[in-house]
1. Hey, which aspartates and glutamates would be in cross-link range of B:K50, C-alpha to C-alpha under 12 Å, not counting anything within fewer than 8 residues on its own chain?
2. Sorted by accessible area (1.4 Å probe), largest first, how do A:F302, A:F178 line up?
3. Would you tell me the mean number of C-beta atoms belonging to other protein chains that fall within 10 Å of each C-beta in A:305-313, as a whole number?
4. How much solvent-accessible surface does A:E61 expose, in Å² to the nearest 10, with a 1.4 Å probe and all protein chains in place?
5. Can you say what percent of the DSSP beta bridges in chain A, counting only those with both residues inside, are antiparallel? Round to 5.
6. Among all the aspartates and glutamates, which ones have a C-alpha under 16 Å from B:K213's C-alpha, if same-chain residues fewer than 8 places away are not counted?
7. Enter the accessible area of A:E310 (Å², nearest 10), with the probe set to 1.4 Å and all protein chains included.
8. What number comes out for accessible area per residue over the range B:160-225 if the probe is 1.4 Å? Units Å², please.
Amino acid sequence: MSVLVFIELEEGKIKKSSREAISYAAALGNTTAVALGSASADELATAGANGASKVLHVSDERLNAGLIQPYAEVLAAAANSTEATIIVTAKSSLADAVVGRVAAKLGAGLVSNVVALPDTSNEFVVKRSIYTGKAFANTSITTDKKILAIKKNAIELKTDGGPADVEAFSVSLDDALFNAKITATDKAEGDVLLPEADIVVSGGRGLKGPENWGIIEDLAKTLGAATGCSKPVSDMDWRPHHEHVGQTGVKVSPSLYIAVGISGAIQHLAGVNSSKYIVVINKDEEAPFFKAADYGIVGDAFEVLPKLNEALKKALA
Amino acid sequence: MNILVCITHVPDTTSRIAFTNDNTEFDKNGVQFIIGPYDDYALARAVELKEQHGGKITVLNVGEAETEPTIRKALAIGADEAVRVNAFPSDSFFVANQIAAVAKQGEYDLILMGRESIDFNGGMVHGMVGELLGLPSFSPVMQLDVEGTTAKITREIEGGKEKLEVSLPFVAGCQEPIAEWKIPNMRGIMSARTKPLNVVEPTDATVHSQLSKYELPPAKGAVKMIDADNVEELVDLLKNEAKVI
Ligand SMILES: Cc1cc2nc3c(=O)[nH]c(=O)nc-3n(C[C@H](O)[C@H](O)[C@H](O)COP(=O)(O)OP(=O)(O)OC[C@H]3O[C@@H](n4cnc5c(N)ncnc54)[C@H](O)[C@@H]3O)c2cc1C
Ligand SMILES: Nc1ncnc2c1ncn2[C@@H]1O[C@H](COP(=O)(O)O)[C@@H](O)[C@H]1O
């Protein structure tokens, strides 16, 4: 069986979530991955470690920005050319926007938020996370072609493969597809991306103001973590919107989520309930977040965090 | 300006999620249903755009009769008329096909949706509809302004945002802070009762997937409390018990 994976690049590097998607695909069949825009052949060859036998590289520079229609066109062309019956991608804000179009182009059944390999004993049944992490649905895809968007951090990375063959792949892309003009991009560089992160340190209204975020950032730096926040914190512009975690924000699924000065409203929990471990630091022992936590400390963030940071630095040195 | 807003009818964000009938059906017992929060942002922005530019807002839901109170709420918030496609929305492609069919009947300058539904969290219907209609689609859109036939939009990207200039018409999956949720006022609620709500039957029965069984995640174990003066214990647990650092 031929499987195609959509590689997302971040500053020229393959995203971890795309490596997870490749690992998933490799368990299903012969895996070709496709990368769009500028990237080095050496970097793309590393997709082999995760299980890709080949990487198709569409180096058209117009694809350096993640534009939805041209991306959908390339994915459909690559699927046709490799005769892929399954397309795998990480679930992300870009992939969400792109793969719906690919599904409609190819008449492929699309299931998102997939958390496990399919059960193919009878039909083709995948388990997906629904109700914002509060439940799962087993869904059978009834079309010949299938598209699976994999939830981040749900699949174990395969890392033992050899380098993949990198081949140039060209798709003729009509100028009309580039119908959106990007006029400005505002992006933090070098930060750990919140949706991809293995550890997240998140702050809430209990931190009192944006000027106090240093203690969150210091702890995140020690742990190599991404920073997050609750909705009111981004509503008040203490932190940028892309850090807002929860029902109406980013849904994270890290190994470790550390929540500081966040009460644990159900809408916040909806964004973090797929975390493997949760640590809650709150001065109110009645804070609902403790019920969802694995480890808890009742205390003042301004006293606990610096101490915790020092202890972690010592332990990780 | 003519705007189509597609809304879902979903359990309130505080609902306890449970299933019945041997885990094949969602348990609606005691659950309150709302307009999907992201769809609610799309609707709020549509109301603001209408205030600025004039025009008409049509809301659309693919759902069975039980969704009508949710549709009426959208009319109370400021939509002018509504369409309900009378079918259970079991599959995204099926839903996208119905939306595309309704959209073809009107000349819409904008088709606004939520970035994702909060029941199935697919985030895919906007792209499908864009493709089915041959229109551009964008998501997640956090700002949207219209001038003549062009729009300035801001979309969220991982770790930041990007501003784009695009031509109408297009499909957008919306999220905050595109607008503030609007609460219907008394006048809105009264007028919503008499606004047209047209029920149409589905045009195409194609489905790409079938739900078989629901599952709930295993219950969480009890929390271990650590003394604030003993953060070393937490470090030790993270390192040696959880093994996450
Ligand atoms: C439809 C809908 C969608 C929503 N979506 C989201 C979402 O996606 N994400 C989200 O986060 N919220 C969301 N909300 C809002 C949510 O209901 C809560 O209002 C919000 O999460 C509360 O944020 P908070 O915990 O930072 O603030 P608060 O509830 O004010 O809690 C602050 C906490 O800090 C603690 N504290 C205070 N001082 C200290 C100190 N010195 N040290 C330690 N602890 C301290 C307090 O004890 C308290 O528990 C949504 C709401 C609705 C209705
Ligand atoms: N049954 C439905 N009726 C109307 N609009 C819908 C329906 N399902 C999804 N949508 C729209 O498509 C968006 C994305 O949904 P989804 O792809 O299911 O996450 C939603 O936010 C709605 O705007």
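1. In chain and number order, the partners are B:D80, B:D109, B:D145.
2. Numbers: A:F302 75, A:F178 45 Å².
Final ranking, largest accessible area leading: A:F302, A:F178.
3. Numbers: counts 1, 1, 6, 6, 1, 3, 7, 7, 1.
Per-residue shielding by partner chains comes out at 4.
4. Its accessible surface works out to 140 Å², give or take rounding.
5. On the way: 10 of 57 bridges.
Around 20 percent of the beta bridges assigned by DSSP in chain A are antiparallel ones.
6. A:D119, A:E123, B:D22, B:E25, B:D27, B:D91, B:D119
7. 100 Å²
8. Working: 4050 Å² over 66 residues.
Averaged over the residues of the range B:160-225, the accessible area is 61 Å².
The values are calculated or read from the model by the stated rules, or taken from the named source; none is laboratory data. Quantities reported herein were computed from a predicted structural model and do not represent experimental measurements. A quick note on method: Cβ atoms are made from the backbone with ideal geometry, for glycine too, and the neighbour counts reach across all protein chains shown. Keep in mind that these areas ignore ligands, DNA and RNA; they rest on the heavy atoms of the full protein, side chains included. Shrake-Rupley method; radii C 1.70, N 1.55, O 1.52, S 1.80 Å.
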